[in-house]
Amino acid sequence: METVASKVGVEEEKHLIQVTLNDYLQGRPVKDIERLRGAFHPDAYIRTIIEGKLVQWTLPQYLDLVAQATLQECQPELLSFTWDGDTGSAHVQLTFATFRFIDRFNLIKLDGKWLIMDKVSYRQEPI
């Protein structure tokens, strides 16, 4: 049976996860590097497949790529998220004019804050 106290805990966790995901979803389209950095664990990896090959970046490498990217209008969307204890996952997408990034995150909670531990991304084009 769910108690009022446990329901408050669930709502608080949802809020904390959404804060982190929103830092990514709102920071990435405008290239807000510090907001993005705050959403990720410093040891996070970002992975994708390019021309059939696995490509991966450390967080600093990924943030450098974002900083160099062309600024484009973007529609960010949180598709879903879930968690158990201090681990979780999320599914988001960023829709640009001619392509879409579909991202899956593994999340961890450290010191009361949720962080993206790794990101696996798919670029869908054209849309």
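The values are calculated or read from the model by the stated rules, or taken from the named source; none is laboratory data. For clarity, every value in this text was computed on a predicted model and none was experimentally measured. FYI the Cβ positions are ideal-geometry reconstructions off the backbone, even for glycines, and counts take in every protein chain you see. Note: areas computed on protein heavy atoms with side chains; ligands, DNA, RNA excluded. Shrake-Rupley method; radii C 1.70, N 1.55, O 1.52, S 1.80 Å.
Scanning the chain for GluC sites (Glu not before Pro) lying in DSSP loops with no more than 14 further Cβ atoms inside 10 Å, the longest uninterrupted stretch between such sites is 74-127.
All other residues whose Cβ lies under 11 angstrom from that of Ala39 are scored, Lys and Arg at +1 and Asp and Glu at -1, for a net of +2. Among the listed values (i) 41, 29, 26; (ii) 49, 29, 28; (iii) 53, 32, 25, the one computed from these coordinates for Cα extents along the principal axes in Å is (ii). Put Asp64, Asp118, Asp32, Asp84 in order of accessible area, highest first, and with a 1.4 Å probe you get Asp84, Asp64, Asp32, Asp118.
Got a sec? Which residues in the range 36-50 would a label at Leu65 touch, if it sits 7 Å along Cα→Cβ and we count backbone N under 12 Å? The answer is 45-50.
Per residue, how much accessible area does the chain have with a 1.4 Å probe, in Å²?
Per-residue accessible area for the chain comes out at 61 Å².
For Ile46, Ile33, the ranking by accessible surface with the largest value first comes to Ile33, Ile46, using a 1.4 Å probe. With θ taken as phi - 60° and the Karplus curve 6.51 cos²θ - 1.76 cosθ + 1.60 applied, the whole-hertz 3J(HN,Hα) list for the range 65-75 is 5, 4, 4, 8, 5, 5, 6, 9, 5, 8, 10 Hz, x standing for glycine and proline.
Got a number for carbon plus sulfur as a percent of the chain's accessible area, 1.4 Å probe?
Details: 4020 of 7690 Å².
About 52 percent, which is the carbon plus sulfur part of the accessible surface.
Under a straight-distance cross-link criterion of Cα-Cα below 30 Å, which lysines are reachable from Lys14, leaving out those fewer than 8 residues away in the same chain? Once the sequence-local lysines are set aside, what remains near Lys14 is Lys31, Lys109, Lys113, Lys119.
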